[in-house]
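Coordinate-derived values only; no laboratory data. This is a predicted model, so every value here is computed, not measured. FYI the Cβ positions are ideal-geometry reconstructions off the backbone, even for glycines, and counts take in every protein chain you see.
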C-alpha cells in the first residue's frame, strides 16, 4: 500500500470540517484541514439545536463552547405577521429529556473556536488554501491545492472528507449530481442589528420567527447587543417586486405590524447580505475514498436551525465509517457508501417534512394550534429540538401530525389562518 502524507484530508474548516478533524484525531488518524478563507470569517446560521450538544460533547469541545459567553437558547417563538397568533416552543417540555438548552452563537467566533479545537488535538490546518483537484486511486487520494499567494502543493491521503459546502470548486462529479428540488426557490436577505427588543429572562434567548404569506423572518440574539435578522422569501415574489435587497427588507418589515414593533428601533451594523437557491442534496454522498459531509452533502432550509447539527452529526458518521475501513486496510464497500447516504438523508428528511409543513399554509395552522390533541405538542417539541431519530413515542406523534396536516386541506380541524390579512391590518 502506498505511503501517504495524511490519513485524512478535510476540505473546509467550518463546523463539519472541524468536527470531522476532531473525531479523526480522537481515533489516532493524522489530519490536514484545508480552508480557503481566513478565520474568523462571517457566516450565517447562528442558532444551534439541543440535539447537537451531544455531538459537540463527543468532539471534546463542549466545555469551550459553554465558557465562550454565547447566548443561552431555551426554545423558540413563532408569530403571525400581525401578532394575532403566537406559539412558544419550550425545549424543556419536550417528550425526550436532556434537550432543555443550547446556544445562539456568532458564527465567526464559534467556527474559529471549533477550528482551534481541532488544531489543539493535532490536526494540521492550512488557511488561505483552496483545493483545486481531487483524484481517487485504489488505495489513496491525491489532493492538489493552491495558496492565495499562488504556490501549489499536492498531498496524498487515505481519505478525503469534503466539508466545503455547496461550492464545487474542484470539479467533482460527485457534487454535481443532486436530488430533485423539493420546494420553490427561495432567497434570504439578512444582516446583524442593534436595538432589537428581547423578552425578559430566559425567553430573551429564543429564536423568534415571524410568518408571512410568502415567507418569514428570523430574529436570533447573538450577544448582549446584536441580533441576526433575516428575511426568507421566494425568488419569484422578490422578482415581481423588482427592488434591491435592502428595500425588499424594508418593505416587508413595513407590511407587518409584528415586525414594525420588533424592528422599529433597529439599526443595521453591517451591510445586507443575500443567499439564494440554497436548498439541495447530492445524490451520492460517499465514494470509495471521498465522503461528503455537512453542507457539501446537502442543506434544506434554515427555518428549524438544523444546519449546524446535521453538519456536525454527518461528520461524526463519516469518520466512524472511514475509521472502520481504515482499520481493515480497504476502501469503502458499496453497502457502506449506500448506507451512509441513506442514514444522512433519512436524518435530514425529518427536518425536511417539518419544513414542508411550515411552508404549507394549512399545515402551519396545525403547527400553531396552542394545545394539539394526543400529546402531539411534546413530540413535536423534541423534533424541533433536533431529535430526528424517531423513536416510537416520537414516530407515531409525528405521523399523526402529518396526517392532520393533510386532512386540514379538506376538513378544517383547526382554525384556518388568513395569511393575507396578517400583513394588511394595523
Residues 383, 33, 222 arranged by fewest to most Cβ contacts within 10 Å: 222, 383, 33
GNM result for the chain, Cα springs below 10 Å: residue of 311, 255, 153 fluctuating most strongly: 153
When the chain is treated as a Gaussian network with springs between alpha carbons less than 10 Å apart, the largest mean-square fluctuation among 407, 56, 376 is found at 407
Neighbour-count ranking for 84, 236 (other C-beta within 10 angstrom, fewest to most) reads 236, 84
Kirkwood Rh, the stretch 1-153, all Cα pairs: how many Å? 17.7
Prolate/oblate/rounded call for the stretch 287-426, Cα gyration tensor, a/c under 1.5 rounded: prolate
Convex hull volume per residue in cubic angstrom - Cα atoms of the stretch 349-408: 72
Which three lengths, in whole Å and largest first, does the stretch 186-276 cover when its Cα atoms are put on their principal axes? 41, 25, 20
Give me 345, 87 ranked fewest to most by other Cβ atoms within 10 Å of their Cβ, as a rough exposure proxy. 87, 345
Top of 322, 400, 303 by mean-square fluctuation, Gaussian network on the chain, Cα under 10 Å: 400
Honestly the stretch 137-182 on the Cα gyration tensor test (a ≥ b ≥ c root eigenvalues; a/c under 1.5 rounded, otherwise a/b vs b/c for prolate or oblate) is just oblate
Semi-axis lengths (Å, descending) of the ellipsoid that matches the C-alpha gyration tensor of the stretch 226-283: 23, 15, 11
What span do the alpha-carbon atoms of the stretch 215-371 cover on each of the three principal axes, reported in whole Å from largest to smallest? 61, 37, 34
Have a look at the DSSP beta bridges in the chain and tell me what percent are antiparallel, nearest 5. 70
Under 8 Å for C-alpha pairs, at least 6 residues apart: give me the relative contact order for the chain, rounded to a whole percent. 22
Mean Cα-pair separation over length for the stretch 349-408, i.e. relative contact order, pairs under 8 Å, 6 or more apart, %: 41
Work out Dmax and Rg for the chain from the C-alpha atoms and quote the Rg first, both in angstrom. 21.9, 72
Post the alpha-carbon centroid distance, the stretch 367-416 to the stretch 92-147, in whole angstrom. 34
